[in-house]
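The values are calculated or read from the model by the stated rules, or taken from the named source; none is laboratory data. Predicted model, so just to flag it, every value in this text is computed and none were measured. Here the Cβ positions follow ideal geometry from the backbone for every residue, glycine too, while neighbour counts run over all protein chains shown.
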């Protein structure tokens, strides 16, 4: 299933001519039981992931889905340019000034390489664009994901914009899964937007809102 890929890329194959890196699928809480919970609950054909890094959670979700069906697509929305904590190194291990080429991080090449190494190019579609423009694109194309997983910026306004934008496009009855529930700006943004009584805490780090 490459329906959204065909809308984004027409006939172009985004995996052509990738400058391959060795496999390195590093992430944070990328194999949380919450993913299995929402996949079994919503039985998605289309997942949009907002904030992807090296692809750990997308790969995990794709592998879970492959055990259940072969008809699905995961669209990964990210600029692969990082957020403020990567550039000012306020969080341990997130600085990347030693991994820049022409002033840009090389995370996109690492992500693409990881998907190729895992043999998941038929299921995972990269969309290298910022989250708000991606949401507007999906809205214009009438794309309605079954699940949206948001794990992008951690600043209050960034989170609130993402939650609002993607709550509008997820299908009725679908789920918006968020990461880093323990992070105060994320909890505040989600609670203000959806109401505390509408948020399901799936773990210390994941939360779910159902449309």
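Any residue at all in the range 26-47 that's under 13 Å from residue 127 (Cα atoms) and within 18 Å of the chain's Cα centre (by Cα)?
Here is the first cut: in the range 26-47, the ones under 13 Å from residue 127 (Cα atoms) are 47.
From what is left, the residues that are within 18 Å of the chain's Cα centre (by Cα) are 47.
Scanning the range 26-47 turns up at least one residue that is under 13 Å from residue 127 (Cα atoms) and within 18 Å of the chain's Cα centre (by Cα).
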Residue that is modelled with the lowest pLDDT, among those in the range 1-23 that are surrounded by 14 or more Cβ atoms within 10 Å (Cβ to Cβ) and not in a helix (DSSP H, G or I): 1
query: All but one of (1) assigned to a loop (DSSP other than H, G, I, E, B); (2) loosely packed, with under 13 Cβ neighbours inside 10 Å hold for residue 40; which doesn't?
result: (1)
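Applying the selection to the range 43-60, what residues are in a loop (DSSP other than H, G, I, E, B) and touching a strand residue (DSSP E or B) at 6+ places or on another chain (Cβ under 6 Å)? Even if it seems obvious, please write down each step before you answer.
Here is the first cut: in the range 43-60, the residues in a loop (DSSP other than H, G, I, E, B) are 43-45, 51-55.
44, 52, listed by residue number.
Within the range 139-150, does at least one residue satisfy the condition of being modelled with pLDDT of 95 or more and assigned to a helix (DSSP H, G or I)?
Yes, because at least one residue in the range 139-150 is modelled with pLDDT of 95 or more and assigned to a helix (DSSP H, G or I).
Out of the residues in the range 97-130 that are assigned to a loop (DSSP other than H, G, I, E, B) and touching a helix residue (DSSP H, G or I) at 6+ places or on another chain (Cβ under 9 Å), which is farthest from residue 56 (Cα to Cα)?
First, pick out the residues of the range 97-130 that are assigned to a loop (DSSP other than H, G, I, E, B): 102-103, 106, 118-123, 128-130.
Of the ones still in play, those that are also touching a helix residue (DSSP H, G or I) at 6+ places or on another chain (Cβ under 9 Å) are 106, 118, 120-121, 123, 128-129.
On the way: 106: 16, 118: 11, 120: 12, 121: 14, 123: 14, 128: 17, 129: 19 Å.
Among those that are assigned to a loop (DSSP other than H, G, I, E, B) and touching a helix residue (DSSP H, G or I) at 6+ places or on another chain (Cβ under 9 Å), it is 129.
Under 18 Å from residue 43 (Cα atoms), modelled with pLDDT of 95 or more and crowded, with 16+ Cβ neighbours inside 10 Å - does that describe any residue in the range 181-198? Spell out the reasoning first.
We begin by selecting, within the range 181-198, every residue under 18 Å from residue 43 (Cα atoms); these are none.
No, the range 181-198 contains no residue that is under 18 Å from residue 43 (Cα atoms), modelled with pLDDT of 95 or more and crowded, with 16+ Cβ neighbours inside 10 Å.
Can you pull out the residues in the range 152-184 that are part of a loop (DSSP other than H, G, I, E, B), closer than 21 Å to residue 39 by Cβ and touching a helix residue (DSSP H, G or I) at 6+ places or on another chain (Cβ under 7 Å)? It would help to see each step written out before you state the result.
Residues of the range 152-184 that are part of a loop (DSSP other than H, G, I, E, B), as a first pass: 152-155, 170-174, 180-183.
Then keep just the ones that are closer than 21 Å to residue 39 by Cβ; that gives 152, 170-174, 180-181.
Within the range 152-184, 152, 174, 180, 181 qualify.
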